[in-house]
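The values are calculated or read from the model by the stated rules, or taken from the named source; none is laboratory data. In this text, all values refer to a predicted model and were calculated from it rather than measured experimentally. With ideal geometry, Cβ positions are generated from the backbone for all residues, glycine too; neighbour counts draw on all protein chains shown.
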Amino acid sequence: MPTMIPMILGLTLAASLPPDPVTGFAQARVVPAGVSFIYTDQVFPDGGTVSGQTKEALQRLSQIVGGLDRIIKLHGIVAPEVDENQVLDALKKSFPEPQNRPALTLVRSRVERAGAMVGFDAVAVSQDGKMGSSQSATLPPNGRIDIAGQAEKADGTLKGCTRATLESLEKTLKGLGSDRSRIVQLKAFFKPMSEAATVRRVMREYFSGREVPLVLVEWDMALPIEIELVAATGPETLGGMRFVTPPGMTSSPVFSRTAVTQGRFETTYTAGLTAPAGTDPKEQAKPIFTQLKSILASTGSDMGHLSKATYYVSNPDANKSLDTIRPTIYDPKRPPSASKAGVSGVIPGTGRGVMVDMIAIRIMPF
């Protein structure tokens, strides 16, 4: 059973395992059924030292969600030249109590804002079901849609591919009984970061000025852009957990195009999981999934109830180890929806070339 930690804002959160020994942050955080989530925009500092920038960005997140103690998942991008220990030390100072730290995922990426060395977004719990600010959106309790990264080739330009991919995502949403007004966060993997303004402009035009929380990560894959999203379910969504292949798309035994969950369920957000330092890149995936299975067992979930996987890869041998192991560990009828992004690195680094970030579900009785 999960180990319970103190009440936070009237809500009991569970830490499924002790903190990660390398980062000092949670391996996973479990949120009970019936809770609303706040998904935030990606925020940046204005400048200064790594420590100062990290503190400033987190202060902005705190204002958005109503306090750092609400955050259960923190995702960050860190510029390639930045010392990871400086970032981790600054994060620990902002979250001084180890038992209350969120699950943490940090990847290397060039940062959109000039002078910024870090950027963060978060998933937080909402006690009153309301969003924290204009830079966030609320996912109501008892229903979520995770759509795997979609990428349309269109005319081959970043602008054209972004527009076509948004159209494809909206078509997928409508097929699941939802719509664009229910999107709570978009995450775009694209290149180059110097063209981030193009992505933002297309999205602003597409959503007619509505500011949907957006996370940007630079990748090194072949296509200009891939976009994934999280959305609320619609009023006609069927109960339970389903993995749906939209019409016109092919299914795969190692990832689902969409994962739809409706009803009463707990949600587990894992940290970005990596292999122990010194692990041969060709063997790095195996210990990651061993750790994942331990996390799921401690929370009452399992490999058949993974809603979303994000794979960050920066080493070809580590990437191959991931591709080799996935067919052996997933039920081919219900693998998680997934995105894979080639990035310049993951944190902690020291030879690590693959990171696995998961969301899992535990269906609860009414």
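Filter the stretch 27-45 for residues that are among the polar types (S, T, N, Q) and within 15 Å of the chain's Cα centre (by Cα); which is farthest from A124 (Cα to Cα)? First the steps, then the outcome.
Of all residues in the stretch 27-45, those among the polar types (S, T, N, Q) come to 27, 36, 40, 42.
So of that shortlist, the ones also within 15 Å of the chain's Cα centre (by Cα) come out as 27, 40, 42.
Values: Q27: 16, T40: 8, Q42: 13 Å.
The qualifying residue farthest from A124 (Cα to Cα) is Q27.
One residue alone among E205, E228, E218 is among the acidic types (D, E) and in contact with a helix residue (DSSP H, G or I) (Cβ under 6 Å, 6 or more places away or on another chain), and that residue is E218. Count of the stretch 126-148 residues, restricted to those that are touching a Leu at 6+ places or on another chain (Cβ under 7 Å) and modelled with pLDDT under 95, is 1. The condition of being at pLDDT below 95 and within 30 Å of R200 (Cα to Cα) holds for only one of G47, G76, that being G47.
Out of V82, V87, report the one residue that is buried (at least 17 other Cβ atoms within 10 Å of the Cβ), assigned to a loop (DSSP other than H, G, I, E, B) and modelled with pLDDT of 95 or more. Steps first, please.
Details: V87 fails: assigned to a loop (DSSP other than H, G, I, E, B).
When all the criteria are applied, what remains is V82.
Taking the criterion of being surrounded by 18 or more Cβ atoms within 10 Å (Cβ to Cβ) and closer than 17 Å to K282 by Cα, the residues of the stretch 297-340 that qualify are Y311, Y312, V313, S314, N315, A318, N319, S321, L322, R326.
Of all residues in the stretch 340-366, none that is in the same structural domain as I77 (by TED's automatic domain parsing) and farther than 26 Å from S298 by Cβ has its Cβ atom under 9 Å from the Cβ atom of a residue that is among the aromatic types (F, W, Y) and part of a strand (DSSP E or B), 6 or more apart or on another chain.
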